[in-house]
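First the structure, in the form of structure tokens, and then the observations on it.
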Amino acid sequence: MTNFEYAPAPESTAILNLKEKYGLFIDGSFVDAKSGKFFDTINPATEKVIASISYANEYDVDLAVTAARKAYSKTWSKLSPSARGKFLFRIARILQERAREFAVLETLDNGKPIRESRDVDVPLAAAHFFYHAGWADKLDHAGLGADPKPHGVVGQIIPWNFPLLMLAWKVAPALATGNTVVLKPAETTPLTALLFAEVCQQAGLPEGVVNVITGDGGTGSFLVNHPDVDKIAFTGSTAVGKAIARAVAGTKKSVTLELGGKAANIVYEDAPIDEAVEGIVNGIFFNQGHVCCAGSRLLVQENIQAELLEKLKHRMTLIRVGDPLDKNTDLGAINSSEQLARIRELAESGDAEGAQRWSPQCQIPAQGFWYPPTIFTGVTQAHRIAREEIFGPVLSVLTFRTPQEAIEKANNTPYGLSAGIWTDKGSKILWTSQRLRAGVIWANTFNKFDPASPFGGYKESGWGREGGRHGLAAYLKGEK
Ligand code: NAD
């Protein structure tokens, strides 16, 4: 078959109004950080500096928490629920109006393909605000008690893999339930949170209801330990989640944790193979595999392994790696040199422990951080690549002979965030899902998200749920 050549189709960055330096967003305004310190955020596809970002130290965090407290007691808690809902509707509509700007900025700062930021991250972020806007005046009917109350000031810390979407998962339910917010985005992807701060101004949100402080783990730690924060909502790694759980133990603070995963994507012998191959590709190569619920362990029934792998490898040769701003790109840049080093180290452990690596031929750009789509076959349960979260475009393939063996292998992990099941039989879907210890289970699909559907994990994948009615509970003090 002759290769189909695509002409480059880059999205223009002309829509952006980038600044050289960004301040912190505290009490409704952009302000200089008391720390006087800055750090760079770079484009991972080119390694070029995009902007200089303020570093929030202990004093800056205190100012943000003070602003959030004042806004909570003076304005936000005084508003009627329907008035709160109107602000959320307004934010949702502005996100839609400025969708292209958000998508381009997210791709520039994160490295994800514009196709994904445009078609997934930004529309889903707007959908979260619309969904929660609808809840604001119906909390009495959420099954959480007659008059559920907000916590007050919520500290929210998010990772770099879905910067705007994770912001929406956190900020929308917090505001709908009447809390005020201090949000800390990840140090490598602060720009869409800062653009969101402009949206809060544009929506006329009362000052101090949302505050955005930029910085690293140190900034996050100041926020976690601030005595006037009532609740911490964290999404990130299990290691940091455990540190936060230790830090808030014994305090009045409530906490929710959305942590890592090592999901099994189980393909039975009666599965529709072509659809399963699409689901496997979507499960592990979507967002460069920087997905907490990625289907990073493929469990395939032994008798169809050869056929499935042949089709999967062919499909992988069609994945286009390169410029994230190009609308034809399927797999963009790895978010940081640190993450690239982590992926390389774990993949090399796969080689050293005897698994067989395969990647299609692909041209990797000279600048930037890249990793080709990769699968390892001959993986056993003991291999590090079967146990540890790689958080990159690397799939570990294991086999099973009986459904019981599939369940035991799938559950043999400290994590329990998500899983996938591929089969022609509805009864097998039910049998399997009842036995899997995972918070989210997809059947004959993968990586589908909806604001009405609660998301979260068991075991070391976290505490609590985000989204849906269950997600509201985390932001209210009513009966759970
Ligand atoms: P990370 O834990 O290193 O960082 C996450 C955030 O926490 C960042 O903003 C960081 O600055 C901050 N942070 C770091 N140390 C801190 C500390 N001691 N105290 C307070 N804050 C601190 O994680 P990451 O590498 O940015 O993100 C990848 C991880 O996030 C993966 O493990 C992934 O599975 C997980 N994740 C989970 C979900 C989910 O919903 N379960 C969603 C997305 C990502």
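Assorted remarks:
- Cross-link pairs exceeding 28 Å between alpha carbons, from the set K311/K459; K48/K86; K170/K448; K313/K409; K252/K448; K48/K313: K311/K459; K48/K86; K252/K448; K48/K313.
- Angle between the chain longest axis and helix 337-352 axis [Cα atoms, degrees, rounded to 10]: 30
- All aspartates and glutamates inside 17 Å of K70 as judged from Cα atoms, apart from same-chain residues fewer than 8 positions distant: D27, D60, D62, E207, D228, D230
- Shown here: the stretch 264-450, whose C-alpha atoms stretch 49, 34, 32 Å along the first, second and third principal axes, sorted largest to smallest.
- Along its principal axes, the stretch 11-88 has C-alpha extents of 47, 34, 17 angstrom, given from the largest down.
- Relative contact order %, the chain, counting alpha carbon pairs below 8 Å whose residues are six or more apart: 18
- Dipole of the chain, positive direction: furthest Cα of P324, I407, P206, with charges on the beta-carbon: P206
- Between the stretch 440-480 and the stretch 126-168, the Cα center-to-center distance that results, in Å: 12
- Helix 191-202 axis versus longest C-alpha principal axis of the chain: approximately 40°, rounded to the nearest ten.
- About its Cα centre, the chain has a charge dipole of approximately 1400 debye under the convention of +1 per Lys or Arg Cβ and -1 per Asp or Glu Cβ, with nothing else charged.
- Inter-site label distance for D40 and L430 at 7 Å from Cα along Cβ, in nm: 5.9
- Listed peptides 274-282, 302-310, 360-368 by packing density, highest first (mean Cβ within 10 Å): 274-282, 302-310, 360-368
- Of interest is the spacing of the C-alpha centroids, which for the stretch 384-432 and the stretch 259-328 amounts to 13 Å.
- Exposure proxy ranking for K149, K448, based on other Cβ atoms within 10 angstrom of each Cβ and starting from the fewest, stands as K448, K149.
Taken together, the values in this text are just the output of simple stated rules run on the coordinates, not laboratory data. Since this is a predicted model, take the numbers as computed values, not measurements. Positions of Cβ are generated from backbone atoms using ideal geometry, with glycine treated the same way; all protein chains shown enter the neighbour counts.
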